[in-house]
Amino acid sequence: MKMKVLMTGAALALAAAVCLVPAKAEAAPEIMPDGTVFDGEYYAANNPDVVAAMGTSTAALYAHYQVCGKTEGRLATAASGDGFDAAYYAAKYPQVAAVMGTDANMLFFHYAVCGKTEGRFPNQAAENGRPAATTTTTATNTDASVNVNTYDYKLSMAKKAADYVNAKRAEEGKGELQWSDSLAEVAMIRAAELAESNSENRPNGQSFKSLLQEKGISYDEAGQCIIVGLENPDEAVRNWSRGDNKRDVLLGRYKKMAVGYDPNAGGSWVLLMIK
């Protein structure tokens, strides 16, 4: 924590030397120990669901950003979605580079603290009056925005929800459920179906158990929880833990589980459990 404060303080001092508009230190983004530029106040203000679960400390909010916020497309600062190009910024504003150096994080720190407010351009496209490609600024560079329709992305979201499920079960003194890849295939199909038809049953009117049978998954008991219209995995699990019927399923005596996620319909989630 002390190192982080020193890094941010030194960077602010440097930025202040070339800021046309005085930077407000108490509201400025911070440089985290790994080099990421992060604004806890901005993150809290724009993610009330995270605050409800994690509190308002910068450390807790940054931990959320590292674990799932970045993957979910949440922004670390107000400037993180601007498509920042460090090489362009250094060349365009040599007086800034002369003070801040050419490190991408330091240049972005300047842009986030005062460059954006001053009207400095983050990239060539912005200078030319064209919208920049949607990007998310990270600790080391600028990554292309996540394609939410890929199977890998859906699976990563599903596994985050599964982690929340086991965390909730642990709170209630229940055993951890083992992730099942074969069950995940079924859960993903059900999530896609759910995005089309918000029902406990499949679009053809059959029970979700018919899909388990089609895929050759044997079980003694099976349970399902569904929710539509929520973007984040923690929200989905909180919903499942509230209603009596859903809560009974969530905390049931199962052995294996998988979660399915589909970004359509505002976010469709399916939790399947078997024993």
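The set of residues from region 256-275 being at pLDDT below 95 and either assigned to a loop (DSSP other than H, G, I, E, B) or surrounded by fewer than 22 Cβ atoms within 10 Å (Cβ to Cβ) (or both) comprises Pro263, Asn264, Ala265, Gly266, Gly267, Lys275. Pairing each residue of region 50-67 that is open to solvent by less than 40 Å² (accessible area, probe 1.4 Å) with any residue that is part of a helix (DSSP H, G or I) and of a type in the set (Ser, Thr, Tyr), provided the two are 6+ apart or on different chains, yields C-beta distances under 7 Å for Leu61/Tyr43; Tyr65/Tyr43. Of all residues in region 87-100, those satisfying the criterion of being in contact with a Leu (Cβ under 8 Å, 6 or more places away or on another chain) and either buried (at least 22 other Cβ atoms within 10 Å of the Cβ) or not aliphatic (A, V, I, L, M) (or both) are Tyr89, Val96, Met100. Of all residues in region 178-195, those that are touching a residue at least 40 places away in the same chain (Cβ under 8 Å) and basic (Lys, Arg) have Cβ atoms under 9 Å from Cβ atoms of residues that are part of a helix (DSSP H, G or I) and crowded, with 18+ Cβ neighbours inside 10 Å, 6 or more apart or on another chain, in Arg190/Leu211. Evaluate region 101-111: report whether one residue or more is open to solvent by 60 Å² or more (accessible area, probe 1.4 Å) and under 30 Å from Asp234 (Cα atoms). Taking every residue of region 101-111 in turn, none turns out to be open to solvent by 60 Å² or more (accessible area, probe 1.4 Å) and under 30 Å from Asp234 (Cα atoms). Determine if region 193-203 includes at least one residue that is open to solvent by less than 70 Å² (accessible area, probe 1.4 Å) and touching a strand residue (DSSP E or B) at 6+ places or on another chain (Cβ under 6 Å). Checked against the condition, which is being open to solvent by less than 70 Å² (accessible area, probe 1.4 Å) and touching a strand residue (DSSP E or B) at 6+ places or on another chain (Cβ under 6 Å), region 193-203 yields at least one hit.
Annotation note: Cβ proximity below 6 Å between a residue of region 113-134 that is under 24 Å from Asp39 (Cβ atoms) and at pLDDT 80 or above and a residue that is loosely packed, with under 15 Cβ neighbours inside 10 Å and of a type outside the set (Ser, Thr, Tyr) (sequence gap 6+ or interchain) occurs for Cys114/Val21; Thr117/Val21; Glu118/Leu20; Glu118/Val21; Phe121/Glu127. So, in region 232-251, of the ones that are surrounded by fewer than 16 Cβ atoms within 10 Å (Cβ to Cβ) and not polar (S, T, N, Q), which residue ends up nearest to Ser199 (Cα to Cα)? The qualifying residue nearest to Ser199 (Cα to Cα) is Gly243. Would it be correct to say that Ser80 is without any contact (Cβ under 8 Å) to a residue 60 or more places away in the chain, of a type in the set (Gly, Ala, Ser), open to solvent by 10 Å² or more (accessible area, probe 1.4 Å) and more than 20 Å from Leu230 (Cβ to Cβ)? Answer is no for this residue. Residues in region 67-111 that are among the charged types (D, E, K, R) and outside any helix (DSSP H, G or I): Lys70, Glu72, Arg74, Asp82, Asp85, Asp103.
Among the residues of region 77-108, those identified as hydroxyl-bearing (Ser, Thr, Tyr), under 27 Å from Glu41 (Cα atoms) and touching an Asp or Glu at 6+ places or on another chain (Cβ under 9 Å) are Thr77, Ser80.
For region 149-192, a residue qualifies if it is polar (S, T, N, Q) and in contact with a strand residue (DSSP E or B) (Cβ under 7 Å, 6 or more places away or on another chain), and the qualifying residues are Gln178, Ser180.
The values are calculated or read from the model by the stated rules, or taken from the named source; none is laboratory data. Model, not experiment: these values are computed from the prediction. So basically every Cβ, Gly included, is an ideal-geometry build from the backbone, and we count neighbours across all protein chains shown. For accessibility, only protein heavy atoms count, side chains too; no ligands or nucleic acids. Shrake-Rupley method; radii C 1.70, N 1.55, O 1.52, S 1.80 Å.
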